[in-house]
Amino acid sequence: MSISQIEKVLIAFHNNEREKFLSRLQDEGILHITEIREEGKLSGEENIDLNISIASLDRVIKYLRPYRKESFIDNLFGNKTVVDGEFYRDTMSSPKYKKIVAVVKELEKKKTELQREKTLCDAQLEELLPWKSLDIELKELKKLKKVSIEIGSISKQPKDFSEKVSQLPVEVEIIKREKDRIYCIFVYRIEVKDEVRNFLTNIAFEPARLEGFIRKPYDIIEELDANLKEIIKKLEKIEKESYKIAEDIERIFIIYEEDYNASLRDRALTNAYLTSRAVFIEGWVRKKDRKRLTRLIDEFLTVTIEDIKPDKDEKIPVELENRGPIRPFEALTKLYGTPHPSEIDPSPLVAPFFVLFFALCLSDAMYGLIFAIISIFFMKKITGDKRLLKVLMAGSIATIIIGALLGGWFGDLPQRLSGILPGFAVFRERILLFDPMNEPLYFFILSLGIGVVQILVGFFVGFIKLLRQGRPIEAVSCKLSWVIFWSSLLLYVGTSFLPSIEGLKPVFLSFIIIAALLVLFVSGFPSRNWITRIAKGLFNLYQGIMGTVGDIISYSRLMALGLVTVGLAMAINILTEVMLQIPVLKFVLVPVVFIGGHLFSIAINVLGAYVHTLRLQYAEFFTKFFDGGGEPFYPLKRETRFVAIE
């Protein structure tokens, strides 16, 4: 339950060494830079240039990525490309790779222009193709003064179309017929324009959009086809060049990362105090990293460091510090919130409870084994943060043990195969603790019992936290009293089942009364008015009893989810047996139903186990001692979006 000790320092250095020092400081990743309250001067020109460069590189990367082959897993998890240090340094030392960026920008510009031209050609062809057989220059249609010509289409020819047309002073020529559309030309004298147009409106006539065309449709279509072929040829050439450049996309990734990290250094300086010659930064460093920081400063001529005291109202950043198998569980704590500096890191407490609860929810040894293999596979494939996978891996291993003790091996598969593999069923019975489906009461008691233990641990941790914060009265009356109350109550009830401790019944009853009185008369502190204090105490007593009972009952979800897993696995086994009765098709259906069904069951039950186990930690456990609200320790360090450097 460790939170790093943090010290505050003031560092000053000359402007001449600014870039080099900040770059080395970023490499070390040990100083959390905070804002200096005095305002200094900082030119934003570099930041603006860097931001423009980063945005430009980001656009180039987005353009090239579709031309780069990426595996499904890389796309799913956003894996970073692994590059070695020599490759990284070679990229940054050679100017030719930066020139690639300009080439890609030009390619993207040309591609956009060509695609726009192609879209226009396609639209024009779509409009002109129905009129391909119209053997007249379109410009001639506009020269007629006494006659109007309407070129267009109707979606469906009315039944009395010919009869109505014969009654109008108009000539109609049908150019093309399609399944759901007729393309035609209406010619009439200008004097009857209104009459003809009313008729056209009634039959839903749609005028053709041929404005701007002057030659014969056939000639225009030929030219558009030729243009389209040329555009496609140019686009194909750009595609080939893009694929070739995308083979070196890692180089552009590296250029992006350098600019991005330079922007982080500039952003850190917005918290600094600057003069014309010097820079002053305040920051927080972990006590264990203080020597590293001192050694780094000794490398520079103008850099000095001084310890300073934090202000009374200043927030000290918090860094969780756990080793080995506990470290991945910090992710679960941070998902809820960062502890306050005066609080206790709950990660070491979360680890065993989370693993145990996850295993009880999944409750099948084979499910645990398969999910462990899946977790190992993804851990090898993923280059980013693997903490969650490590947490699930620990839960899977625990599931193998708990599942074996509860007799879960693909549900009730050993019993169903007892005629074929009797040894499997015998092995299951030898290590079986109890069968959840046959003895659900044991599972229920186990779930509530573990819940009681976790809640008592939560109250005790809350007691320790309040003592450390210098609040002993609150610690005893609001936390320790509940540990005594519930422990004594359980022991008092236990005397009815354990004759050996029956003589201690009055002692346990006394502890229950003392704990209740502590809550009633002391937990209302620091109210000076006795009536107010007792009223608060009475409310705390009621809320403590009813709230804790509700919290304990919440742990019954462990049993419910465990039984759901077992029941679903059994249902899949039954369905598989049904498939065995189908001639011929059984050779296909049995493996599909068995493998597919159990994989689905694993997926849905792992999700349920994770979500509900996490809920128990946050809603029932953390509420007993954890407030959060701390500021995370976030040092200036090198960050990458696209590459991982070996």
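Values in this text are rule-based calculations from the coordinates and carry no lab data. Bear in mind that the values here come from a model prediction, so they are computed numbers and not experimental data. Note: ideal-geometry Cβ built from the backbone for every residue, glycine included; neighbour counts use all protein chains shown.
Answer with one residue from Val426, Val391, Val507: the one whose Cα lies farthest towards the positive end of the charge dipole of the chain, charges on Cβ with Lys, Arg +1 and Asp, Glu -1.
Farthest towards the positive end: Val507.
Got a sec? Charge dipole of the range 136-215, +1 on Cβ for Lys and Arg, -1 for Asp and Glu; which of Gly152, Phe186, Leu210 is way out at the positive end?
Most positive-ward Cα: Leu210.
About the Cα centre of the range 500-646, what is the dipole size in debye to 20, counting +1 per Lys and Arg Cβ and -1 per Asp and Glu Cβ, all else neutral?
360
Roughly how far apart, in whole Å, are the Cα centres of the range 290-318 and the range 191-267?
If you average the Cα positions of each part, the centres end up 58 Å apart.
So what are the ³J(HN,Hα) numbers for the range 589-597, from phi and the Karplus equation (6.51, -1.76, 1.60; θ = phi - 60°), rounded to whole Hz, Gly and Pro as x?
5, 4, x, 5, 5, 5, 5, x, x
Which of Val147, Val593 comes first, and how do the rest follow, when ranked by fewest Cβ neighbours within 10 Å?
Val147, Val593
Compute the long axis of helix 45-64 from its Cα atoms, compare it with the longest principal axis of the Cα atoms of the chain, and write down the angle in degrees, 0 to 90, nearest 10.
70
If I take R0 = 56 Å and measure r between the Cβ atoms of Arg24 and Thr623 in this structure, what FRET efficiency does the formula 1/(1 + (r/R0)^6) give, to the nearest 0.05?
FRET efficiency, Arg24 to Thr623: 0.80.
Please report, in debye to the nearest 20, how large the charge dipole of the chain is about its Cα centre when each Lys and Arg carries +1 at its beta carbon and each Asp and Glu carries -1 there.
560
In degrees between 0 and 90, to the nearest 10, how far off the longest principal axis of the chain does helix 249-269 point, with axes built from Cα atoms?
Taking Cα atoms only, the helix is inclined about 60 degrees.
Classify the range 136-215: rounded, prolate or oblate, from the alpha-carbon gyration tensor (a ≥ b ≥ c, eigenvalue square roots; a/c under 1.5 rounded; otherwise prolate if a/b is larger than b/c)?
The shape class here is oblate.
State the extension gain, in nm to one decimal, for the chain segment bounded by Asp194 and Asn16, taking 0.36 nm per residue of separation less the distance between their alpha-carbons.
55.7 nm
Spelling out what I want: for every residue of the range 381-394, take phi, set θ = phi - 60°, compute 6.51 cos²θ - 1.76 cosθ + 1.60 (Karplus), and round to whole Hz; glycine and proline get x.
Once θ is set to phi - 60°, the couplings for the range 381-394 become 8, 8, 9, x, 5, 10, 4, 5, 5, 5, 4, 5, 4, 4 Hz.
Per-residue counts of other Cβ atoms within 10 Å, averaged by peptide: what ranking do you get for 638-646, 154-162, highest first?
In decreasing order of mean packing, 638-646, 154-162 become 638-646, 154-162.
Determine the distance separating the Cα centre of the range 450-525 from the Cα centre of the range 412-426; give it in Å without decimals.
48
Around Ile175, which amide H atoms from residues at least 5 apart in sequence, or from another chain, sit under 5 Å from its own amide H, with H modelled in the peptide plane?
Excluding prolines and chain starts, which carry no amide H, the hits are Tyr183, Cys184, Ile185.
Evaluate the relative contact order of the chain (contact order divided by residue number), counting alpha-carbon pairs under 8 angstrom at least 6 apart; express in whole percent.
23
Test of understanding: what is the full-extension gain from Ile501 to Glu258, defined as 0.36 nm times their sequence separation minus their Cα-Cα distance?
So the extension gain works out to 80.4 nm.
Helix 481-494 sits at what angle to the longest principal axis of the chain, using alpha carbons and giving 0 to 90 degrees rounded to 10?
In the chain, helix 481-494 runs at an angle near 70 degrees to the longest axis.
Expected output is a single nm value to one decimal: the length gained when fully extending between Glu117 and Ser342, i.e. 0.36 nm times separation in residues minus the C-alpha distance. What is it?
Result: 74.5 nm gained on full extension.
Among 620-630, 80-90, 352-362, how do they line up from the highest to the lowest mean number of other beta-carbon atoms within 10 Å?
Answer by packing, highest mean first, reads 352-362, 620-630, 80-90.
If you take the charge dipole of the range 324-624 about its Cα centre, with +1 on Lys and Arg Cβ and -1 on Asp and Glu Cβ, which of Val476, Cys361, Phe377 is farthest toward its positive end?
Val476
Rounded to the nearest 0.05, what FRET efficiency do Val584 and Ile473 give with R0 = 56 Å and r taken as the Cβ-Cβ distance? Could you check?
Using R0 = 56 Å, I get an efficiency of 0.10.
Evaluate the distance, in nm, between pseudo-label points positioned 7 Å from the Cα of Lys179 and of Asn529 along their respective Cα→Cβ axes.
8.4
So for the chain, what are the equivalent ellipsoid semi-axes in whole Å, largest first, each being the square root of 5 times an eigenvalue of the Cα gyration tensor?
68, 44, 29
Based on other C-beta atoms within 10 Å, arrange Phe371, Phe511 from fewest to most.
Neighbour counts put them in this order, fewest first: Phe511, Phe371.
Using only alpha carbon pairs under 8 Å that are at least six residues apart, calculate the relative contact order of the range 136-215 and give it in whole percent.
43
Could you sort the peptides 608-614, 342-348, 378-384, 477-483 by per-residue average Cβ neighbour count (10 Å cutoff), highest mean leading?
Highest to lowest by the protection proxy: 477-483, 342-348, 608-614, 378-384.
Using Cα pairs closer than 8 Å and at least 6 residues apart in sequence, work out the relative contact order for the range 173-301, in percent.
7 percent.
Between Val453 and Lys309, how high is the FRET efficiency from 1/(1 + (r/R0)^6) when r is the Cβ-Cβ distance and R₀ = 51 Å? Nearest 0.05.
0.75
I want to check the label-to-label distance for Leu168 and Ile221. Put each point 7 Å from Cα in the C-beta direction and report it in nm to one decimal.
2.6
Mean residue ellipticity at 222 nm from the helices of the chain, using -39,500 (n - 2.57) per DSSP H segment of n ≥ 4 over the full residue count, to the nearest 500 deg cm²/dmol?
When only DSSP H runs of four or more count, the value is -19000 deg cm²/dmol.
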